[in-house]
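Below is one structure; the comments refer to it alone.
No value in this document is a laboratory result; all are computed from the given coordinates. Please read these numbers as outputs of a predicted model, since none were measured by experiment. With ideal geometry, Cβ positions are generated from the backbone for all residues, glycine too; neighbour counts draw on all protein chains shown.
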Amino acid sequence: MCDTCKKKFYITTPIYYPSAKLHIGHTYCTVAADAMARYKRLQGCDVMFLTGTDEHGQKIEEKAKAAGVTPQQFVDNIVTGEKGVLDLWKLMNISNDRFIRTTDDYHVAAIQKIFRKMYENGDIYKGSYKGKYCTPCESFWTESQLKDGKCPDCGGEVHDAQEEAYFFRLSKYAGRVRKLLTETDFLEPKSRVNEMVNNFIDPGLEDLCVSRTSFTWGVPVDFDPGHVVYVWIDALFNYMTALGFENDKYDDLSKFWPADVHFVGKEIVRFHSIIWPAMLMSLDLPLPKKVYGHGWLVMDGGKMSKSKGNVVDPYVLAEMFGVDALRFFLLRTFPFGSDGNFSNELLINTINIDLANDLGNLVSRTTAMVEKYFGGTLPAERAAGEFDESLISLVSGLRDRVEAQMEKFQFQNALEEIFKCIQRANKYIDETMPWALAKDEANKARLATVMYNLLETIRICATLLLPFIPASCEKIFAQIGAGADVQTWDTANVWGKLSQTVTVHKGDAIFPRVDAEKALAKLEELHQEQLKSLLPALEVEPYLTEKVDFDTFCKSDLRAVKVKACEPVKKSDKLLKFTLDDGTGTDRQILSGIHKFYEPDELLGKTLVAIVNLPPRKMMGLESCGMLLSAVHTEKGEEKLHLVMVDDSIPAGAKLC
Ligand code: ME8
């Protein structure tokens, strides 16, 4: 197919807020879009795969201020800094063709032009906004949109706010948008259509506030200083400015617009399926062909967060389990349109069952047998036999079944189809029993056929797995001796493309089994560290508000005491027994629960402070006459204690007052 005849395919992910490091939930959509882009390229399409970052808004401005840096420095660090967004996509083997940052000059200038055009055509007008404002979501809400008085998106507090602002005439497009949603396949899955129509369109679409004066970190409205463009105009038009709309940086608009699909998380479906088409209608621009609202990865039913019991850092998970294992898990385990409950146990199970047991074993058993029985190269003789037909017919139709699912973005089902074949091939080994065939030279042709059928199944499955686990598939191809000419979408539909006399190269296990117990313990340890890092650095006991009069205070007799001996109390983890010189000539014994903080030897000879007129107490059968003073606080969740020590030149018995 020549370049100009190639089918075009334009796919986008949401552009991410770099307000914090991305977690595994963010990785989900980008991995899905990557699988889709790779699949389309394999099919021979001319693909444009766009992702990026949405860098303006009040939240970023506030976070930058708190961090003591400029907003630009703040976002630069999260986007281009070490282990930032760009690094993450590189690590995850994301094959995006373009990356847009909404702070890019060409985008900023284009947004100004777009805003002005909509102002000039009358769809943007100036008014005053009164409403309930949610700061984290940067959204105004009406009373009726609130859920239990809280923000319907994040569940957070809202407050009354009013400001002079520009508005977009969203209400004008309600009818056309409703038709788009209800009469076409613009929005999928279909369940999301009802949600949009019932919750937003039918209750009455209000005009949308599209500028802010309460912060400055945004695209300035060039004809009205003090106003910045509200993030959704800025954010949504990225899909077009990245192709060259209203700018000279790129020149792909006529080639790739309208987009074939926008992948978006369910909470931003509203912006993509109502506001976005309405804005495009306002400018008389073609609408994207589809918006697909995927579900969330949740933990224990709630949104992802570090404070829940899982490590959600993709760097940690990729390092422990491998990038492909993580990519595979995300798309194999959860239906793309619904929420999926993430857990480390599930991740490890998926790796061990599908990748290590089923796929990994099939590859290593097959290549090991070809090496053992044929020295690595199959002979040309063949002998068909029982079980061949059922395997071959299942695998021959696989590509079309995978394609049918991929076209509907049903990654889980596509993988299910592939794994049915992998499982069938493993069963074929048990049925044909190559080890029994190998005992008799007369079975050589039959044994070669069995091996060939297995290798050919692996070749076809690996080709279809390329969009999901590209690096591992390359390793598989190398092991089974499949050249580039038989790793193509066209050959994935034709049985028998692998050379009949192929040479295999058994290598290391491609998907080593994960020791679940060890891995979970390690993750738990990392999670505890993460939790600690979230705790305040330093915490001291709250101050007492109740006043104590001077005379009462003076009733405490504080003395300098010198440690003559110190030893742990038998059968106690905590207690140390001190023999102290208190200046009276008679040793004083004090027990103190500080063994966790001090070894007895390090305290010998030290001059400490004790309250000496407390009534004696018995602990573990021993008498304690007084109490040693110490300073206590908590650091990163850990209790710290320091005995109060005074200068050694101070004699035992000196009164502290
Ligand atoms: O919404 N599971 O940015 P964002 C699945 N800047 N997806 C998740 C997720 C989870 N646990 N957590 C977040 C924005 N996401 C805007 C987009 S587009 C013009 C502007 C998804 O960084 C979320 O659903 O807050 C969204 O689609 C994406 O991550 C980006 O979220």
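Please list, in chain and number order, the residues 5+ apart from Tyr10 or on another chain whose amide H is under 5 Å from its amide H, with Hs placed from the backbone.
Met48, Asp260, Val261
Percent relative contact order of the chain, based on C-alpha pairs within less than 8 angstrom and at least six residues apart?
11 percent
Quick check of the Kirkwood formula: for region 121-254, what is the inverse mean of 1/r over all pairs of different Cα atoms, in Å?
That comes to 16.8 Å for region 121-254.
Between helix 516-534 and the chain, what is the angle of the helix's C-alpha long axis to the longest principal axis, kept within 0 to 90° and rounded to the nearest 10?
On a 0 to 90 degree scale, this one is about 60.
Can you list residues from other chains, or at least 5 along the same chain, whose modelled amide H is less than 5 Å from the amide H of Leu656?
Leu558, Arg559, Ala560
Please get the size of the charge dipole for region 1-63, origin at its Cα centre, with Cβ charges of +1 on Lys and Arg and -1 on Asp and Glu, quoted in debye to the nearest 20.
My answer is approximately 340 debye.
What is the Å³ per residue value for the convex hull set by the Cα atoms of region 114-189?
Taking the convex hull of the Cα positions in region 114-189, it is 144 Å³ per residue.
Hey, how many Å between the Cα centroid of region 1-66 and the Cα centroid of region 576-595?
If you average the Cα positions of each part, the centres end up 68 Å apart.
Could you check the spin-label model distance between Arg176 and Asp440? Points 7 Å from the Cα along Cα→Cβ, value in nm.
7.7 nm
Against the globular-protein guess of 2.2 N^0.38 Å, express the Cα radius of gyration of region 55-188 as a ratio, rounded to two decimals.
Compactness ratio reported: 1.33.
With no solvent and one equal point scatterer per Cα, compute the Debye intensity ratio I(q)/I(0) for region 373-430 at 0.13, 0.21, 0.22, 0.27 Å⁻¹ and report its log10, rounded to two decimals.
Listed by q, the Debye log ratios stand at -0.46, -0.85, -0.89, -1.06.
Using helices alone, what [θ] at 222 nm do you get for the chain, with -39,500 (n - 2.57) per DSSP H run of 4 or more residues, divided over all residues and rounded to the nearest 500?
When only DSSP H runs of four or more count, the value is -11000 deg cm²/dmol.
Specify, per residue and in Å³, the volume enclosed by the convex hull of the alpha carbon atoms belonging to region 338-411.
Given the Cα convex hull of region 338-411, per-residue volume reads 143 Å³.
Return the Cα extents of region 285-389 along principal axes one, two and three, sorted largest first, each rounded to a whole Å.
Principal axes ranked by extent give 58, 43, 26 Å for the Cα atoms.
If you fit an axis through the alpha-carbon atoms of helix 71-80 and take the longest principal axis of the Cα set of the chain, what angle between them do you get, 0 to 90°, nearest 10?
Value to nearest ten degrees: 60.
What angle, in degrees between 0 and 90 and rounded to the nearest 10, separates the Cα long axis of helix 24-43 from the longest principal axis of the Cα atoms of the chain?
So the inclination is approximately 20 degrees.
What per residue convex hull volume, in Å³, comes out for region 447-595 when only alpha-carbon positions are used?
Cα convex hull per residue, to the nearest whole number: 268 Å³.
Sort the following peptides by mean Cβ neighbour count (other Cβ atoms within 10 Å, averaged over residues), highest first: 374-381, 59-66.
The packing order, highest mean first, is 59-66, 374-381.
Can you give me the C-alpha center-to-center distance between region 82-130 and region 325-355, rounded to a whole angstrom?
32 Å
Let's test this: bin the Cα-Cα distances of region 368-469 at 10 Å from zero up to the farthest pair and state each bin's percent.
Bin by bin from 0 Å, the calculated values are 15, 44, 27, 13, 2.
Given the pairs Lys562/Lys618; Lys21/Lys266; Lys90/Lys190, which span a C-alpha to C-alpha distance of over 29 angstrom in this model?
Pairs exceeding 29 Å: Lys90/Lys190.
Scaled to the compact-protein estimate 2.2 N^0.38 Å, what is the alpha-carbon radius of gyration of region 214-296, rounded to two decimal places?
So the Cα radius of gyration is 1.19 times the expected 2.2 N^0.38 Å.
What lysines could a cross-link reach from Lys126, if we take a straight Cα to Cα line under 19 Å and drop same-chain neighbours fewer than 8 places away?
Cα-Cα hits under 19 Å: Lys113, Lys117, Lys172.
From the square roots a ≥ b ≥ c of the eigenvalues of the alpha-carbon gyration tensor of the chain, which class results: rounded (a/c under 1.5), prolate (a/b over b/c), or oblate?
It comes out oblate by the Cα gyration axes.
Taking only C-alpha pairs under 8 Å that are 6+ residues apart, what is the relative contact order of region 159-303 in percent?
26 percent
Once you've got the Cα coordinates, tell me which of Lys7/Lys303; Lys150/Lys522; Lys83/Lys303 are over 28 Å apart.
Listed pairs above 28 Å: Lys7/Lys303; Lys150/Lys522.
Determine Rg/Rh for region 602-657; Rg is computed over alpha-carbon atoms and Rh is the Kirkwood hydrodynamic estimate from the same atoms.
1.03
Is the shape of region 514-615 best called rounded, prolate or oblate, per the rule: a/c under 1.5 gives rounded, else a/b larger than b/c gives prolate, else oblate, with a ≥ b ≥ c the square roots of the Cα gyration tensor eigenvalues?
Here region 514-615 falls in the oblate category.
For a quick size check, give me the Cα extents of region 437-485 along its three principal axes, largest first, whole Å.
Cα spread of region 437-485 along its principal axes, largest to smallest: 41, 18, 14 Å.
Let me check I have the definition right: for region 562-635, take the eigenvalues of the Cα gyration tensor, multiply each by 5, take square roots. What are those semi-axes in whole Å, largest first?
18, 15, 13
From the square roots a ≥ b ≥ c of the eigenvalues of the alpha-carbon gyration tensor of region 535-591, which class results: rounded (a/c under 1.5), prolate (a/b over b/c), or oblate?
Oblate is the answer for region 535-591, as a/c is 1.5 or above yet b/c matches or exceeds a/b.
Stick to Cα atoms and the Kirkwood definition of Rh, then tell me Rg/Rh for region 17-83.
My calculation of the ratio gives 1.13.
Rounded to whole Å, give me the distance from the Cα center of region 376-403 to that of region 146-167.
Taking the Cα centre of each part, region 376-403 and region 146-167 sit 60 Å apart.
Going Cα to Cα from Lys518, which aspartates and glutamates come in below 16 Å? Please leave out same-chain ones fewer than 8 positions away.
Result set, ordered by chain and number: Glu319, Glu345.
Could you work out how much longer the chain between Glu638 and Phe597 gets when fully extended? Use 0.36 nm per residue separation minus the Cα distance between them, nm to one decimal.
Computed gain between Glu638 and Phe597 is 13.6 nm.
For a quick protection proxy, order the peptides 563-570, 404-411 by their average other-Cβ count within 10 Å, most packed first.
Packing order, densest peptide first, comes out as 404-411, 563-570.
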